[in-house]
1. Using a 1.4 angstrom probe on heavy atoms only, work out the carbon and sulfur share of the accessible area of the chain in %.
2. Which length gain, in nm to one decimal place, applies between R62 and S40 when the Cα-Cα distance is subtracted from 0.36 nm times their residue separation?
3. Quick check for you: which residues of the stretch 316-331 have the amide N under 20 Å from the point 7 Å beyond the Cα of R389 toward its beta carbon?
4. Once the convex hull of the alpha carbons of the stretch 195-344 is built, what does its volume come to per residue, in cubic angstrom?
5. In the stretch 1-78, which GluC sites (Glu not before Pro) are in a loop and have at most 14 other Cβ atoms within 10 Å, using DSSP for the loop call?
6. Which of the peptides 42-49, 383-390 is most tightly packed, and how do the rest follow, going by the mean number of other Cβ atoms within 10 Å of each residue?
7. Applying a 10 Å radius around every beta-carbon, put 341-347, 281-287 in order of their mean neighbour count, most first.
8. Which log10 I(q)/I(0) values, to two decimals, does the stretch 229-284 give at q = 0.22, 0.24 Å⁻¹ under the Debye formula with one point per Cα?
Amino acid sequence: MTSSPEPEIAVVGAGLSGLICARILQRHGRSVTVYEADPSADARRQGGSLDIHHDTGQVALREAGLIEEFRARTHPGGEAVRVLDSGGRVLADLPDRNGGRGRPEIDRTVLRQLLIDSLTPGTITWNAKVTAATAREPATAREPATVRVPATPRVPAAAPELTLADGRTVRAGLIVGADGAWSRVRPLLTTAKPHYSGITLVEIGHAAPEARHLAVTGRGSLFALTGNRYIGGHGGDHLALGCGFRVPEDWAATGGVDWADPVSARHALLREFDGWAPELTDLIRDCDDTVVPRPIHALPAGLRWDPVPGVTLIGDAAHLMSPFAGEGANLALIDGADLARELLRTGDVGAAVAAYEKRMFPRAAKAAAMSQRGLDMMFRDGPPRRIARFFRIAGLAGRLLRTRG
């Protein structure tokens, strides 16, 4: 087993949180290396469209010096919202008005590539899968917090250490776990694991949608809902959609569907939406051949941990939640920016991590509660009157604010 040169800061995971943290640190002359399991930036799909909020994600992008590049890549008309029932009846239709709602849309792949391109070449070590992590002994326990899961036994080390799949070890002054839902770094801080939310989303897309499909989706966000079933996502030059339902966690794995066979996958989805309006089921019937089921998991809302020297978590590694409030990517970005800012402000890594976590914990707890409310509002019996009313009220509030401004 060999050791790599010791970086000042080691970020595990080249997702949004890890990349923006590295960008801000590097912009101010700090040494940082990102370790990513994927062999390249385009090794796998990165998901659909993201709405980036003015008070979180955009703050982070501004600190990274990338706000103008971000704005140049957002979707025209992307802040429109349309809510339909299973019969295709429009219950809410909010256009993307001039000035927007402070939440412009951008493709996740495009945003990630923007962040990758902003780093000095060689900052990211690709094909560097972390198989284990060790840390110093834990610090003295703090007072109990909202949700506290007992910490795992830790192997003492002279410094936080990562073991890579190729046998290399990496030590760093600070290890930042930005490695998502199934983080290898998280067990250094807590035994908490993601639990199944009760919802499975099946991702579908249209690389070149027909006009009749765009007539249904529009260029913004689509929510077609009835009776614990959902078809929705984001319109535009290409469609990134999901089909969601309340099913057992093993539904996709044990239902006898070959998800690699697009014909079999489409038939399985169409059975779930039997009786829905043809213009909605055509979004499934005519979708591209890549169909990917994703059971939705979440960490306990309000999760906290006791400090461990030289280790912290950002993004989904810290507070994985369902996507039904649009908060995940924004929290990932502001987490990375907050941690970087604290590290730049003080030379004491422990103090910087403590200050970051003090801000992150309550913010994540609030967002997790919002995500659960969004899930419960979307997946319920009957037509989507409640969510339609929610968006109509939000649209009215936005118009009032613009008028007063």
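The values are calculated or read from the model by the stated rules, or taken from the named source; none is laboratory data. All figures in this text were calculated on a predicted structure; none of them were measured in a lab. Here the Cβ positions follow ideal geometry from the backbone for every residue, glycine too, while neighbour counts run over all protein chains shown. Only protein heavy atoms, including side chains, enter the accessible area calculation; ligands, DNA and RNA are left aside. Shrake-Rupley method; radii C 1.70, N 1.55, O 1.52, S 1.80 Å.
1. 52
2. Taking R62 through S40 to full extension adds about 5.3 nm, to one decimal.
3. Those under the cut-off are 325.
4. Cα convex hull per residue, to the nearest whole number: 145 Å³.
5. Those that pass, being in a loop and sparsely packed, are E8.
6. The packing order, highest mean first, is 383-390, 42-49.
7. My ranking of the peptides, most packed first, is 281-287, 341-347.
8. Log10 of I(q)/I(0), two decimals: -0.98, -1.12.
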